[in-house]
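Trainee: Mind having a look at this structure? Questions to follow.
The values are calculated or read from the model by the stated rules, or taken from the named source; none is laboratory data. Because the structure is a prediction, the values reported are computed rather than measured. Note: ideal-geometry Cβ built from the backbone for every residue, glycine included; neighbour counts use all protein chains shown. We work out accessible area using only protein heavy atoms, side chains counted, and drop any ligands, DNA or RNA first. Shrake-Rupley method; radii C 1.70, N 1.55, O 1.52, S 1.80 Å.
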Amino acid sequence: MADDPDLPDFEVPVGLFQDLEDLKATVASLSAQVKALKEGGAGGAGEALADDATDAGEEAEEGEEGAADGEAQYPPFILLLDPPEYDDELRALIEWVEGVLVPGYLAEPSSDARWCHMWFEHPVALARLHALWLAWQELTDPATCGYTGPSTWHRDHLDPCLAQLRPSSGPFAGCTKGEHQIDHRMPGIVPSAWSRAED
């Protein structure tokens, strides 16, 4: 088929690959700016939108250099965090699980569909729910997900996560309705965010 005289000869320009890498860097930078705007960056809407694609590309290149120097470019695995980063990440995760996941997706617990109100004390559940939350942030962000993001999140992330967490042999196996199995606790896993400073 390559020898077909009716087909024009086509060679991929060498610069096309560099252009694609520049485009990826620009998209990553713009996504970060959109996220910062959503989180209420203080002086920022006009300034962030005024940046042009060249500035965005330069910022992305700096980010890549930072990642090469050992700085984390993406959210790290929650179980590897230390306070206060762990506390902040857990606080935000709890807000999402209790505010979005539990009321929207979890039916009444049963012997076939378990849930523990102390889910954050189960390391396996904590790690899986954190990963689910990170995917939710990315795939419900219009700047990064397009129209298929929510569907992808349900199919590729929510359904497999709940299938691993809720069966009778899952991490909540020893927990019954309203009862948390103390044996599942890891000493010291409850972060300082849960203790109130006494006045």
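Trainee: Given the conditions (1) open to solvent by less than 30 Å² (accessible area, probe 1.4 Å); (2) part of a helix (DSSP H, G or I); (3) farther than 23 Å from Leu30 by Cα, which single one is not true for Gly170?
Mentor: Status for Gly170: all satisfied but (2).
Trainee: Now for a different question. Do we find that Leu23 is in a helix (DSSP H, G or I), surrounded by 12 or more Cβ atoms within 10 Å (Cβ to Cβ) and at pLDDT 70 or above in this structure? Reasoning before the result, please.
Mentor: Numbers: in a helix (DSSP H, G or I): yes; surrounded by 12 or more Cβ atoms within 10 Å (Cβ to Cβ): yes; at pLDDT 70 or above: no.
Considered against the rule, which asks whether it is in a helix (DSSP H, G or I), surrounded by 12 or more Cβ atoms within 10 Å (Cβ to Cβ) and at pLDDT 70 or above, Leu23 comes out as no.
Trainee: Take Gly178 and decide whether it is open to solvent by 50 Å² or more (accessible area, probe 1.4 Å), more than 26 Å from Tyr86 (Cα to Cα) and at pLDDT below 85.
Mentor: Against the criterion (open to solvent by 50 Å² or more (accessible area, probe 1.4 Å), more than 26 Å from Tyr86 (Cα to Cα) and at pLDDT below 85), Gly178 qualifies.
Trainee: Which condition from (1) under 21 Å from Lys38 (Cα atoms); (2) open to solvent by 40 Å² or more (accessible area, probe 1.4 Å); (3) within 14 Å of the chain's Cα centre (by Cα) is the one that Leu139 breaks?
Mentor: (2)
Trainee: Can you pull out the helices (runs of 4 or more DSSP H) entirely within region 69-146 that have at least 1 residues that are β-branched (Val, Ile, Thr) and modelled with pLDDT of 90 or more?
Mentor: Of the helices (runs of 4 or more DSSP H) lying wholly inside region 69-146, those with at least 1 residues that are β-branched (Val, Ile, Thr) and modelled with pLDDT of 90 or more span 85-96, 102-105, 123-139.
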